[in-house]
Amino acid sequence: MKWLSAPIMILLVALMLYATSGLPDHADPQAPANVHVSPTYIEDSVEDTHTPNIVTAVLADYRGYDTLGETVVIFTAGLACVLVLMKRRSNDKAAVSKHHSSDHL
Amino acid sequence: MIKQRYQSIIVQTICSLLIPFIQLFALYVIFHGHYGPGGGFQGGVLLAVSIILQRLYLGTEVSFQKFPPKLALAFGAIGMLIFGLAGLIPMATGGAFLDYGNLPILWVHGAELRYLGILIVEIGIGLAVFGSLVLIFDNLVGGGGQ
């Protein structure tokens, strides 16, 4: 069954390339993504938030919910790291003390 | 592995000189996010880098006393709390979630209030990122939990 993966891969690549041809051109001003909410952000963000940097205004104000999620992800990653490594360290200690006691015997 | 001080006077001098400037630049990046590239994420990483550099050249034994690992966890949690409250307090005063225009700060209104809300949120992000990265580093080198 291993030989099957190559034609499936080629088929998927062809499908992707075909789908890519339907995307709007890069930086096309008439692309759907650029005519929906972007003009509002560009025209109104300074008036709405007094923030000259549109990126900051979108990141922290208009799309604040998204940024809250990102921050939660980072903080959760830190907490998960603590939990995983703390467990490993206490196991190491137990192994070391076991090793020492067998040395003395 | 990095418990002891790094045995080189050049490294020690350069690091001790660099750290305050890195921290100053981190604060600049956080507070200048309204006008240029930067913001909470980048500034928080720079703040974390200053603490990690201190850990590397002073050794964890001394550095853990100067900046305890538990403090990093506290900073991360306080940052998340600031962001969460910036979202929830406007709901209590009649706005939507994360609607900074309804923050109960009496002497600023409208767009200025949203400007201030963005700053508060950026500080919260900075603290959360700073705490998380220092926390990860401390636990990778060992001894972060104690």
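No lab work stands behind these numbers, since they all come straight from the coordinates. Note that this is a predicted model, so its numbers are computed, not measured. Note: ideal-geometry Cβ built from the backbone for every residue, glycine included; neighbour counts use all protein chains shown.
Identify the residue in region B:107-121 that is in contact with a helix residue (DSSP H, G or I) (Cβ under 6 Å, 6 or more places away or on another chain) and within 20 Å of B:Gly43 (Cα to Cα) and, among all such residues, is farthest from the other protein chains (Cβ to nearest Cβ).
Among those that are in contact with a helix residue (DSSP H, G or I) (Cβ under 6 Å, 6 or more places away or on another chain) and within 20 Å of B:Gly43 (Cα to Cα), it is B:Ile120.
If we scan region B:122-141, do we find a residue that is among the aromatic types (Phe, Trp, Tyr), within 9 Å of chain A (Cβ to nearest Cβ) and crowded, with 17+ Cβ neighbours inside 10 Å?
no
Looking at region B:46-58, is at least one residue within 29 Å of A:Met86 (Cα to Cα), among the basic types (Lys, Arg), more than 10 Å from chain A (Cβ to nearest Cβ) and in contact (Cβ under 8 Å) with a residue 12 or more places away in the chain?
Initial filter on region B:46-58 (within 29 Å of A:Met86 (Cα to Cα)): B:46-58.
Now drop any that are not among the basic types (Lys, Arg), which leaves B:55.
Filter once more, keeping what is more than 10 Å from chain A (Cβ to nearest Cβ): B:55.
In the following step, the residues that additionally are in contact (Cβ under 8 Å) with a residue 12 or more places away in the chain were identified as B:55.
Within region B:46-58, one or more residues are within 29 Å of A:Met86 (Cα to Cα), among the basic types (Lys, Arg), more than 10 Å from chain A (Cβ to nearest Cβ) and in contact (Cβ under 8 Å) with a residue 12 or more places away in the chain.
Given the criterion more than 30 Å from B:Arg114 (Cβ to Cβ), among the β-branched types (Val, Ile, Thr) and touching a Phe, Trp or Tyr at 6+ places or on another chain (Cβ under 6 Å), identify the matching residue among B:Ile14, B:Ile2, B:Ile51, B:Ile10.
Checking each option against the conditions leaves just B:Ile51.
Go over the candidates B:Leu85, B:Leu106 one by one and state the one that is surrounded by 14 or more Cβ atoms within 10 Å (Cβ to Cβ), without any contact (Cβ under 8 Å) to a residue 12 or more places away in the chain and among the aliphatic types (A, V, I, L, M).
Exactly one residue qualifies, and that residue is B:Leu85.
Scan (1) more than 17 Å from the chain's Cα centre (by Cα); (2) at the interface with chain B (Cβ under 7 Å from one of its Cβ atoms); (3) farther than 20 Å from B:Ile120 by Cβ for the single condition A:Thr56 breaks and write down its number.
Every listed condition holds for A:Thr56 apart from (3).
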